[in-house]
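Participant: I'd like to ask some things about the structure below.
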Amino acid sequence: MLKFHQIVFRKFLLIFSVLFFVVGSIVYYWTKEFYITQSRDSLLHNIQIISFDIHEISHLDIVAKKIKETLNLRLTIISADGEVLVESHEDKTQMDNHKYREEIMQSNQEDHGYKIRHSKTINKDLLYIAKKYTFNGEVIYIRLAKELQNINEQIFALGIKTIFVLLVFFGFILSITYKLSAQIEKEMQKIAIFLTTLTKKEKPSYISSELSLEFANITKLLTKVSQILSKKDKRKSKYTAKLQESNDQKDDIISAISHEFKNPIAVINGYSQTLLDDENLNPAIRQKFLSKIYNNGVRLSSLIDTLRLSIKLDSGQQKANFTTVNVYELISDTVEIIQANYRKRQTIIDGDKDLNIKVDQGLFSIVISNLVENAYKYSEDEVFIHFDASSISIVDTGIGISKSNLENITHKFYRVQGNSWNNSLGLGLFLVKNIINLHNFSLEIQSEENKGSTFTIKM
């Protein structure tokens with residue numbers, strides 16, 4: 001396949017050849033016609049001058065010789081009956097009758113006669129001009145002739161000059177066209193390389209051109225396309241990484257949900273089957289089994305409520321019912337319920353017992369419950385709760401949270417690997433964060449491994 005500048009060069013040569021032929025032909029025929037017209041006019045003018053100098057025929061023999069020598073023209077004077085009276089180039093006595101020469105007959109009907117033909121007398125192609133005159137009552141024809149060779153030589157000389165001018169002109173145009181096509185080819189190659197790297201995802205970031213406004217606009221668009229593709233690839237990479245992370249967590253999430261539901265279901269099924277199989281079971285044992293069934297049913301119901309609440313918070317469907325609530329009473333009541341499962345743990349509550357805030361009591365109880373229960377789970381000493389008009393802080397001195405987990409700990413279904421958090425759905429802090437956001441509060445977490453954690457609700 002040919003390169004761009006080669007195609008341009010071939011097209012240019014084709015166009016040049018056609019134009020050269022057309023222009024050359026036009027110039028040739030126009031020049032020939034011009035010279036013939038000029039020659040006709042010049043011969044007629046000379047005939048007019050000769051006619052003024054006619055005194056006697058014998059005198060014209062001398063005139064004919066001078067015309068031949070000085071002007072290189074052939075002079076012939078012919079009588080009315082066609083006899084050659086004067087001839088500059090040959091013996092007039094040996095010449096044929098000229099009465100029926102075409103230029104002579106034409107001069108009888110028009111102002112003058114005109115003809116181009118080959119002369120047998122001198123064996124040359126001539127341009128003949130004849131004009132009719134009356135001299136001393138007798139009709140004569142004055143005829144001048146010019147060799148066509150001279151005309152052709154003049155035309156050829158002009159043609160050579162014209163060709164030279166055309167060659168110089170087209171050579172100049174070819175030089176400019178070649179350089180321009182080479183520059184265009186270079187820019188096109190640059191664009192092709194840029195597009196090739198794009199297809200190979202090598203991500204070129206910038207391309208420019210100063211050749212023309214069109215190329216500048218094209219390169220600007222290509223740069224924008226490259227930048228857009230680069231941004232899309234970065235987003236795709238981030239999405240792929242997140243998707244991979246999500247897929248990695250999926251099995252753990254499914255395992256957690258399965259585990260959380262499987263244990264109470266197994267307990268309910270086991271104790272129920274025992275009650276069905278043994279009608280004579282001791283009443284105390286029966287009551288214990290029923291209590292186990294009930295508690296695990298409550299646990300299942302709580303898990304379902306937690307999942308439902310997480311979905312509503314995640315979709316923005318959960319609404320808050322704000323009421324004025326005493327902070328101390330809310331915290332105390334919530335802690336009291338939790339301590340039923342952690343009888344050996346102590347919680348120290350510090351704050352203004354008369355402080356009231358506007359919150360959704362049910363939702364905010366879930367926040368306090370989750371934060372306090374986490375403190376119980378991951379510490380062995382006292383849990384401190386401090387509150388004032390601007391914040392509520394839950395402080396423990398437990399195992400703490402690593403920096404790598406702090407960024408993700410409030411995400412849905414996120415479960416820290418390597419500790420007992422795996423025994424939960426990973427929804428506790430997700431619920432806390434979203435409920436706090438629903439109240440237009442904020443959550444701050446400060447933690448250090450093996451030293452403890454502080455969860456602060458900024459109000």
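Participant: Could you tell me how far the Cα centroid of the stretch 106-130 sits from the Cα centroid of the stretch 267-281, in Å?
Facilitator: 144
Participant: Out of residues 5 or more away from VAL139 or on other chains, whose amide H comes under 5 Å of its own, with H placed 1.01 Å from N in the peptide plane?
Facilitator: ALA80
Participant: Also: Have a look at the stretch 319-458 and give its Rg and Dmax from the Cα atoms, expressed in angstrom.
Facilitator: When restricted to Cα atoms, the stretch 319-458 yields Rg and Dmax of 14.3, 42 Å.
Participant: Okay, next question. For GLU444, GLU103, what ranking results if the residue with the fewest other Cβ atoms within 10 Å of its Cβ goes first?
Facilitator: GLU444, GLU103
Participant: Ranked highest first by average number of other Cβ atoms within 10 Å, how do 40-50, 367-377 line up?
Facilitator: 367-377, 40-50
Participant: Using modelled backbone amide H atoms (1.01 Å from N, in-plane), which distant-in-sequence or interchain residues come within less than 5 Å of GLN318's amide H?
Facilitator: Correct list: LEU313.
Participant: Next question. How do 381-387, 295-301, 312-318, 237-243 rank on mean C-beta neighbours within 10 Å, highest first?
Facilitator: 381-387, 295-301, 312-318, 237-243
Participant: Which cross-chain or sequence-distant (5 or more) residues have an amide H under 5 Å from the amide H of SER88, H modelled 1.01 Å from N in plane?
Facilitator: Here the answer is LEU75, since their amide H atoms fall under 5 Å of that of SER88.
Participant: Here's a follow-up. Take the alpha carbon gyration tensor of the stretch 4-158, find the square roots of its eigenvalues, order them as a ≥ b ≥ c, and report rounded if a/c is under 1.5; if not, report prolate when a/b exceeds b/c, else oblate.
Facilitator: It is prolate, given that a/c is not under 1.5 and a/b is the larger ratio.
Participant: At 0.692 mPa s and 37 °C, plugging the Kirkwood radius over alpha-carbon pairs of the stretch 72-119 into Stokes-Einstein gives what diffusion coefficient in µm²/s? Show your work: numbers first, answer last.
Facilitator: Working: Rh = 11.4 Å.
It comes out at roughly 288 µm²/s.
Participant: Give me the count of lysine pairs in the stretch 319-458 whose alpha carbons sit under 26 angstrom apart, restricted to pairs 8 or more positions apart or on different chains.
Facilitator: Number of lysine pairs found: 25.
Participant: Students often forget the sequence filter, so: which lysines lie under 30 Å Cα-Cα from LYS68 once same-chain residues fewer than 8 apart are removed?
Facilitator: Candidates past the 8-residue exclusion: LYS32, LYS92, LYS99, LYS115, LYS120, LYS124, LYS131, LYS132, LYS146, LYS161.
Bear in mind that the values in this text are calculations on the coordinates, not laboratory data. Model, not experiment: these values are computed from the prediction. Reconstructed Cβ throughout: ideal geometry from the backbone, glycine too, with neighbour counts over all protein chains shown.
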